[in-house]
Amino acid sequence: MNHSPADRPDPDHRLTGAIDCDVHPAVPSTRVLLPYLDDYWREHILRRGLERENLELSAYPANAPINGRPDWHLPSGPPGSSLEALQSHILDRLHPSFAICNVLHGAQVMFSEDLSAGLCRGINNWIKAEWLDRDPRLRASIVVPVHSAELAAEEIHRMAPDHRFVQVLLLAMTELPLGRRQNWPIYQAAEQHNLPVGIHAGSSFRHPPSALGWPSYYLEDYVSQGQGFQAALNSLVSEGVFNKFPALKVVLIESGVTWLPASLWRLDKTWRGVRSEVPWLERQPTEVVREHVRLTLQPFDAPPTERQLLTLLEQLGSDRMLLFSTDYPHWHFDGDDALPLGLPADLIRKICLDNPLDTYPRLRT
């Protein structure tokens, strides 16, 4: 049900001053990127007619309800493609102190690494000029070509001097497991600039989202994203990324939360039996994850009762791991109910403010 401004309930006062760690500005069309591309890539795209393509990365069916809340739909253009709408729906409504923009786009997964890098450069220029320069409450992630660690590192070094960019954005399911050494230049550049690495739900579609092959339905694809996050986390821990880069933080974005305790129990148990295979992993995997890994709140796969929720939080074993997010404009909650029921007041403050500030040091300045 939609409400007029006069009869809408007051927004949740607990969110005032919160840090929204995941909102999604949408590139309305490739054409809008043309002014922000290097001359060569602008001509290249026009020659090939790519400006007529959307290059949308998300697998959301365009008209599926989950794609955008009914009251967040726009008169024209994809949900999330209007700064004014974001201001009205989130910034001026919930009054967060900051909102971190994560642009999902096909630029990251092009087979041509050079084209991928050129488009990512254009997107970063675009989000800087069209969003960050127009609202001081906005911050952004650096979009990088995920299949070329060297080019990704170059883009991190280029954008890092602008401290409104607070994170590096990767996808959970890429061509190689994320912990492989070929990807280490990305983590090295991120650590050098004190930037966490955000790993967002999504795939470069080099491999099926499921270990059993390509699914028939979007439902299978969506649920299989959880398996992708488990594999990505296993890879980062087992390959020793956090040993090599001890200051690195990783944020799992839209991963859900409830899968993590059981996955870590399995990882700890197996590590005890084969730890000689990974001698650099001197601590239990769970300890490493609690120190280095954070998770955004939405979409929150909450259990059905508050008692079960408290049990889940106890199983996480840390009150530092969860970060507030709305996942705007996707439809995961109604009204202003971005926080699940049953969270203790002290944990709400940590989720909404303390944990994000600890995770994103650039927000303090």
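How big is the dipole moment of region 20-364 about its Cα centre under a simple scheme where the beta carbon of each Lys and Arg is +1, that of each Asp and Glu is -1, and everything else is neutral? Debye, nearest 20, please.
Value, rounded to 20: 580 debye.
Counting other C-beta atoms within 10 Å, which of Thr30, Thr296 has the fewest, and how do the rest follow? Write down the numbers at each step before the final one.
Values: Thr30 22, Thr296 29.
Ascending Cβ contact count within 10 Å gives the list Thr30, Thr296.
Based on the Cα atoms of region 173-283, what semi-axes does the equivalent ellipsoid have, where each is the square root of 5 times one gyration tensor eigenvalue, given in whole Å with the largest first?
Each semi-axis is the square root of five times an eigenvalue, giving 24, 18, 13 Å.
Work out, in µm²/s and without decimals, the Stokes-Einstein translational diffusion coefficient of region 260-302 at 4 °C, 1.567 mPa s, Rh from Kirkwood over C-alpha pairs.
111
Report, in order of residue number, the helices in the chain meeting two criteria: a C-alpha extent of 27 Å or more along the helix axis, and a mean Kyte-Doolittle hydropathy of at least -1.0; treat each whole DSSP H run as one helix. Mind showing how you got there, number by number?
Values: long enough: 218-238 (30 Å, -0.03).
Answer set is 218-238.
I need to check one value: relative contact order of region 1-149, counting alpha carbon pairs closer than 8 Å and at least 6 residues apart, in percent.
Computed over region 1-149, the figure is 32 percent.
Once each part is reduced to its C-alpha centroid, what is the distance from region 218-260 to region 38-84 in angstrom?
27
Would you grab the residues whose amide H sits under 5 Å from the one on Arg69? Only those 5+ places off in sequence or on another chain, please, with H modelled 1.01 Å from N.
Trp331
Output the peptides 135-144, 158-167, 277-286 sorted from most to least packed, where packing is the average of other Cβ atoms within 10 Å over each peptide's residues.
Working: 135-144: 22.5, 158-167: 18.6, 277-286: 14.1.
Output ranking for 135-144, 158-167, 277-286: 135-144, 158-167, 277-286.
How much length would be gained if the chain were fully extended between His73 and Leu50, taking 0.36 nm per residue of separation minus their Cα-Cα distance, in nm to one decimal?
Extending this stretch completely gives an extra 5.7 nm.
In whole Å, what are the extents of the chain along the principal axes defined by its C-alpha atoms, from largest to smallest?
The Cα atoms of the chain stretch 56, 51, 47 Å along the principal axes, largest first.
Going toward the positive end of the dipole of the chain, with +1 on Lys and Arg Cβ and -1 on Asp and Glu Cβ, which of Leu57, Thr311, Pro361 do you reach last?
Positive-end residue among those listed: Pro361.
So what's the back-of-envelope 222 nm ellipticity for the chain, counting only DSSP H runs of four-plus at -39500 (n - 2.57) apiece and dividing by all residues, rounded to 500?
That calculation yields -10000 deg cm²/dmol at 222 nm.
Okay, which of region 144-166 sit inside 20 Å, backbone N to the point 7 Å along the Cα-Cβ direction of Phe205?
Residues 144-148 fall inside that zone.
Can you give me the convex hull volume of the Cα atoms of region 221-365, divided per residue and expressed in Å³?
Working: hull volume 18.3 nm³, N = 145.
That works out to 126 Å³ per residue.
With labels modelled as points extended 7 Å from the Cα through the Cβ direction, what inter-label distance (nm, one decimal) is found for Ile66 paired with His157?
4.0
Can you tell which of Asn234, Ile253, Thr270 lies farthest toward the positive end of the dipole of region 215-278, using +1 and -1 charges on the Cβ of basic and acidic side chains (Lys, Arg; Asp, Glu)?
Highest projection toward the positive end goes to Thr270.
Here, each number is a calculation from the coordinates, and none is a lab measurement. This is a predicted model, so every value here is computed, not measured. FYI the Cβ positions are ideal-geometry reconstructions off the backbone, even for glycines, and counts take in every protein chain you see.
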